[in-house]
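Here the structure comes first, spelled out in structure tokens, and everything after it is commentary.
The values are calculated or read from the model by the stated rules, or taken from the named source; none is laboratory data. Source: prediction; values computed, not measured. Glycine gets a Cβ as well: all are built from the backbone with ideal geometry, and neighbour counts include every protein chain shown. Calculation scope for accessible area: heavy atoms of the full protein, side chains included, ligands and nucleic acids excluded. Shrake-Rupley method; radii C 1.70, N 1.55, O 1.52, S 1.80 Å.
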Amino acid sequence: MYYRLRNEIDRRGYTIEKFATLANMSEKSLRNKLNGVTDFSWSEVLLIRDLLDPDLYLEELFKREDKIA
């Protein structure tokens, strides 16, 4: 699961539904990607980072974790 990404989405006040719309994907698709069921495409990774904060490091934002550290 992408805990850091989910936290950044929440921290900026977005719901999953609203952020999925901004990222041009369905809510189900975003949930599957956040849960690690399906992978993000490179264009989705770049778009999401730009929507949240262009200064965020991709390595941290898209780090997969089994549990919150």
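For K33, state whether it is in contact with a Phe, Trp or Tyr (Cβ under 9 Å, 6 or more places away or on another chain) and either aromatic (F, W, Y) or open to solvent by 50 Å² or more (accessible area, probe 1.4 Å) (or both). For K33, the condition - in contact with a Phe, Trp or Tyr (Cβ under 9 Å, 6 or more places away or on another chain) and either aromatic (F, W, Y) or open to solvent by 50 Å² or more (accessible area, probe 1.4 Å) (or both) - is not met. The listed residues are S26, S41, and the only one of them that is more than 17 Å from E60 (Cα to Cα) and either without any contact (Cβ under 8 Å) to a residue 24 or more places away in the chain or not hydroxyl-bearing (S, T, Y) (or both) turns out to be S26. Across segment 51-63, the number of residues qualifying as open to solvent by 80 Å² or more (accessible area, probe 1.4 Å) and either within 11 Å of the chain's Cα centre (by Cα) or small (G, A, S) (or both) comes to 1.
Considering only residues that are part of a loop (DSSP other than H, G, I, E, B), in contact with a Leu (Cβ under 8 Å, 6 or more places away or on another chain) and not hydroxyl-bearing (S, T, Y), which ones fall in segment 3-60? Please lay out each step first, then the result.
Of segment 3-60, the ones part of a loop (DSSP other than H, G, I, E, B) are 12-15, 23-26, 35-41, 53-57.
Next cut, in contact with a Leu (Cβ under 8 Å, 6 or more places away or on another chain) only: 12, 14, 23-24.
Within segment 3-60, R12, A23, N24 meet the criteria.
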